[in-house]
Every structure is written in structure tokens, then in C-alpha cells.
Amino acid sequence: MTILWNTFLDQRVELLKALWEHLQISLTALLIAIVIAIPLAIWATHHKNIAEFLLQITSVLQTIPSLALLGLLIPLVGIGSVPAIIALVIYALLPIFQNTYVGIDEIDPSLEEAADAFGMSRLRKLFKVEIPIALPVIISGIRTALVLIIGTATLAALIGAGGLGNFILLGIDQNDTSLILIGAITSALLAIILSALIKFLQTARLRTVIATVGVIIVGFAGASTYQAVSQPKENIVIAGKLGSEPDILIHMYKDLIEDQDKSVTVTLKPNFGTTSFLFNALKSKSIDIYPEFSGTVLESLVKKSGQTTNLSAHKTYVKARDALKNQFNMAYLKPMAYQNTFAIVVKKSFAKKYDLKTIGDLAAIENQIKAGMTLEFINRTDGLKGINKKYGLNINARSMQASLRYEALNRGNINVGDAYSTDSQLKQLNLVMLKDTKHVFPPYQGAPIMSEKLAASHPKLVQALNKLAGKISDEDMQKMNYEVNVKKESAAKVAKKYLISHGLLRDAK
């Protein structure tokens, strides 16, 4: 309990930010769903055949797995809050539409006849008779939709929309139960509080309901307007992949940029997703900068030309830099010293038992291999595909989230996994990296990637980030990852401590 409380105190600022993002996404989706579903259901009460068709459609939409729906939306509307809101609206339509339709359709016919006898117009009857009678059922549907939305909105973190899901994903990645609990408990409390508010509206008058919705809309509009007005003219958005290392790097970028140029502020989007998410976000200008590795650029992001294997670290970087500039008009700044290369790892006891020193040694025990690897590694040519091809292996790996495959290795559920050479878990779990004698893994030096336009218009920004060129050794990076993952220090604190201790940032004290 003490650890949970200390984590809460340490993360309270980030938690408030994530809570606000979660609330924005959830209520925006709910309001849009209400505006679509309620009028449509009211209209459908006078068109029974179409009503049944619409109920079937909304039911089918809700059966689509949330991850699949987000994946389908990304090519259409990009990443961030927009696809998340669209997906949440789709999930909220069924309970609101169904309850509104049933609530109005099941009104006692004698009441409808009485309203007609008084000469009420259709619109007047709707607002004076039908909606007031059906209101408790309608509100019940809205309440169900809200709880569904808040729970599903945690997945928005997977596509860079932020919210409380960031804490859950980060907790899973760092094997930190406290972070997972903070995200889950806060999400549950948010659902309970808002559900209680909506339950109160079930017994309220129609005017009260309309006034409450109006206040929410005005409040959000006001807050959004204030954010837009107060937002500085120069705001640089920096994103990072999931994990402690990208989180440390983007905090370094933020500190260096804001120290160099006081007219610029930086917004960070940690745990943004995989390589393809980030690169597409950069191309669509959803973000401005993110750290990427030279080997990843050559193997996954650009069209290859000429020799791309067995190159030195410098030549790999130069080739990646030139390809980004020529093919995407992007700038790839000077790289850091360390190389966060892929690796195949096994427990030390397993390596000793079978005398495993190189990846090729796995051929002798191929029928005993139980592999677990990240989905990205499994599907990359500089990952498992390349390993199987160059070493003549036929390893079939189960896809696992990064931290979970370390847990599986530690427990013995798997005996072979992928890793990054600077991961803290290598030291923590006493793992051995098998030597890549056939050079499947190219050099991986990290550097900031951005548009040429941004680099040209912000020379101070480039100057600030280039302070990291040639800095950070493999040992430095592994130590910092250890401090975040094992000692549970914040990435921001670890990043700033390194910059100050190496004379790259002035100590604010």
C-alpha cells in the first residue's frame, strides 16, 4: 500500500493530465453518440421496419473487437484522439439507440391517444409526453454507454490519444503493479462518479437534463477555448515508443529544447505505440519529433538501395539519414553513442546447460525451443524473419507484450526471447545475449527524426538536440533503464539527472 501511495504522489501531475484527457475523450464521444442515437431512435419509432435494421447494424458494430476497429480507422483518420472518439461513439450507439427506441415505443397507447385528442402537434407531444415518460429508460441507456466508453477509452493510449490507459500500458511494460492499479482504479472511480451523476438525472425533469448537458458542453468548449488561447505560439510535440528508454529520451529532448529556446514549449506523448504508428504520425504532422534508430530506418521505414548489410554504425546512419531526406524530406539529426540493437536472449542457466553462445547454436536444440517475442520483432526482416532465413532455423514464436515476455522467460514459460541490448531486465534477470555471427541485426544508433522544414526553421532546436550527439554509452542507457524499471524512478527525473551530471543542462537549483 505504501508503494502504491508513493507512486501516486510521484505521478500525481501526470495522473491529472491523463484523467483530463480520458474525461475529454469519453464525454466527447458520449455527447456525439447522444446527438446521433436519440434523434435517430425517435425517428425510427415511426418507421418500424427501418428500426429493426438499425438495431441490427448497431448490434453488429458493437461486436467488432476494439483493437480491430482502431486498426481499421487509423488509415482513414490517422492516430490520436479522432479515431479513439469515433470508435467510442460506435460502441455507445447501441445502448442509447435501443433504450430510446424501447422507451418511446412502449409508452401506453392510451397516453398517445390522449395527447392526440388534446390536439398536440407531433413535436409538442414528443417533448411534453413521450420524452418525459421515456426519460428514465433513455438515461439508463446513456449510463450504460458511459461506463462502456470509460472502460474502452483506456485502449486509446495504444494510438497516442492519451488518457488513463497510459498508466496501464506503462505499468505492464515496466512490470509495475502500482502504475497498473492507479490507471485501473482511477478509471473505475471515474465511471462510478459519472454513472452516479447520470443516475440522478433519471429522476430529474427534462429541463434539468437539458441544462446539465448544456453546462457540460459549455464547460468543455470553454476549457478547449482556454487551452487554444493560452497555448504558446510555438509548441513542439515529441512522441516516444512504449518503454522506459524512449520515455527517458523524449524527456531529455524536452529539457534541452526548452533550456535552449525560451520561446518554445514542448508537449510530450510517451508510450505512443510502435514504429509504424510514430512514423505515420510524423508524416501526417500529428507529432513533430521522435527518437528512432538507424537500423530501424533502413530495415522498416525507407526503400532500400545498394548494400544495407554488414555496414559500420556510421555508414548505416549516413545511409538512413540520406534515405529519409530523399524519400520523405525528413531530417535525421546526429546520433547518440550507444546502440540499442536487437538480441536473442536466454536465461544463463539454459545457455550453460546447452552450451549456447551464438544464435546458430539454437539449431542443435530447435525441437526444444519455446519462444516468446514481441509482435514487431516477429514480423521484421531484421528480427525473427531474418534469423530464421540466415541461420536456417524454423523458430515459431508466440507474440507477447515486451515486459510479459521477460516475465515468461523468468518463470520458464518460454526459454528463448527477443530483447534490446540496453534493457535493464538483462541484468535484472541474469539473461545472456546470444552472439549474432551472421549480422542479422544492423547497427542501431538513436537520433531525433523530424521534418526538414522544422529543422530549417528552428536552428536552436537542432542545436539543442545535437548536444546528445556522441553521448550516452550502452552502460549509461542500461543504468538509466534500470533506475526507471527497477528502482521506480520517474523517466523525467532520470533524464534530467543525466543531462545535469554530464554538463548538458544547467542545474535549476
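Values as computed for the structure displayed
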| item | result |
| --- | --- |
| Helices (runs of 4 or more DSSP H) contained in the stretch 90-203 and holding at least 2 residues among the basic types (Lys, Arg) and surrounded by fewer than 23 Cβ atoms within 10 Å (Cβ to Cβ) | 122-125 |
| Residue, nearest to ASP355 (Cα to Cα), within the stretch 431-465, restricted to residues that are of a type outside the set (Ser, Thr, Tyr) and exposed (fewer than 15 other Cβ atoms within 10 Å of the Cβ) | LYS435 |
| Tally of residues being within 19 Å of TYR420 (Cα to Cα), polar (S, T, N, Q) and surrounded by fewer than 17 Cβ atoms within 10 Å (Cβ to Cβ) across the stretch 322-345 | 0 |
| Residue in the stretch 301-312 that is touching a residue at least 60 places away in the same chain (Cβ under 8 Å), of a type in the set (S, T, N, Q) and under 16 Å from LEU431 (Cβ atoms) present | no |
| Unique residue being more than 26 Å from ALA402 (Cα to Cα) and not aliphatic (A, V, I, L, M) when the list is LYS303, LYS254, LYS241, LYS269 | LYS303 |
| Candidates ALA464, ALA456 - the one that is hydrophobic (A, V, I, L, M, F, W, C), part of a helix (DSSP H, G or I) and in contact with a helix residue (DSSP H, G or I) (Cβ under 8 Å, 6 or more places away or on another chain) | ALA464 |
| Residue in the stretch 121-139 that is modelled with pLDDT under 85 and closer than 18 Å to ALA18 by Cα present | no |
| Members of the stretch 458-509 found to be within 30 Å of THR177 (Cα to Cα), among the charged types (D, E, K, R) and out of contact with any strand residue (DSSP E or B) (no Cβ under 9 Å at 6 or more places or on another chain), listed by number | GLU475, ASP476, LYS479, GLU483, LYS487, LYS488, GLU489, LYS493, LYS496, LYS497 |
| Residue match in the stretch 264-273 (condition: farther than 17 Å from LEU454 by Cα, surrounded by fewer than 21 Cβ atoms within 10 Å (Cβ to Cβ) and either in the same structural domain as ASP382 (by TED's automatic domain parsing) or in contact (Cβ under 8 Å) with a residue 60 or more places away in the chain (or both)) | no |
| Any chance VAL82 is assigned by TED's automatic domain parsing to the domain that holds LEU189, out of contact with any helix residue (DSSP H, G or I) (no Cβ under 7 Å at 6 or more places or on another chain) and of a type in the set (Val, Ile, Thr) | yes |
| Filter result for LYS241 (modelled with pLDDT under 90 and either of a type in the set (D, E, K, R) or not assigned by TED's automatic domain parsing to the domain that holds ALA157 (or both)) | yes |
| The stretch 489-506 residues that are surrounded by 16 or more Cβ atoms within 10 Å (Cβ to Cβ) and of a type in the set (Val, Ile, Thr), paired with ones that are modelled with pLDDT of 90 or more and part of a helix (DSSP H, G or I) (beta carbon under 7 Å, 6 or more apart) | VAL494/ILE248; VAL494/MET480; VAL494/GLU483 |
| Looking only at the stretch 322-366, and only at residues there that are assigned by TED's automatic domain parsing to the domain that holds PRO448 and basic (Lys, Arg), the one that is nearest to ILE414 (Cα to Cα) | LYS334 |
| Filtered residue count, the stretch 480-509, keeping only those that are part of a loop (DSSP other than H, G, I, E, B), under 22 Å from ALA239 (Cβ atoms) and either aliphatic (A, V, I, L, M) or in contact with a Ser or Thr (Cβ under 7 Å, 6 or more places away or on another chain) (or both) | 2 |
| Among the residues listed as PRO75, PRO95, the single one being modelled with pLDDT under 90 and either of a type outside the set (Val, Ile, Thr) or in contact with a Lys or Arg (Cβ under 9 Å, 6 or more places away or on another chain) (or both) | PRO75 |
| Leading residue by the ranking (farthest from PHE441 (Cα to Cα)) among those in the stretch 369-391 that are in a loop (DSSP other than H, G, I, E, B) and out of contact with any Leu (no Cβ under 7 Å at 6 or more places or on another chain) | LYS370 |
| Residue check for GLU245: among the acidic types (Asp, Glu) and surrounded by fewer than 23 Cβ atoms within 10 Å (Cβ to Cβ) | no |
| Residues satisfying the stated conditions in the stretch 280-296, i.e. in contact with a Phe, Trp or Tyr (Cβ under 8 Å, 6 or more places away or on another chain) and either in a loop (DSSP other than H, G, I, E, B) or farther than 26 Å from ASN235 by Cα (or both) | ILE287, SER294, GLY295, THR296 |
| Residue within the stretch 419-430 that is at pLDDT below 90, touching a Gly at 6+ places or on another chain (Cβ under 9 Å) and not charged (D, E, K, R) present | yes |
| Output for the stretch 322-341, where each listed residue is assigned to a loop (DSSP other than H, G, I, E, B), in contact with a Ser or Thr (Cβ under 8 Å, 6 or more places away or on another chain) and more than 20 Å from PHE441 (Cβ to Cβ) | ASN329 |
| Filter result for LYS319 (assigned to a helix (DSSP H, G or I), surrounded by fewer than 17 Cβ atoms within 10 Å (Cβ to Cβ) and either among the hydrophobic types (A, V, I, L, M, F, W, C) or not assigned by TED's automatic domain parsing to the domain that holds GLU407 (or both)) | no |
| Of all residues making up the stretch 443-457, the number that are within 29 Å of ASP176 (Cβ to Cβ) and in contact with a His (Cβ under 9 Å, 6 or more places away or on another chain) | 1 |
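The values are calculated or read from the model by the stated rules, or taken from the named source; none is laboratory data. Given the structure is predicted, the values throughout are model-derived calculations rather than measurements. As a convention, Cβ positions derive from the backbone with ideal geometry for all residues, glycine included, and neighbour counts pool all protein chains shown.
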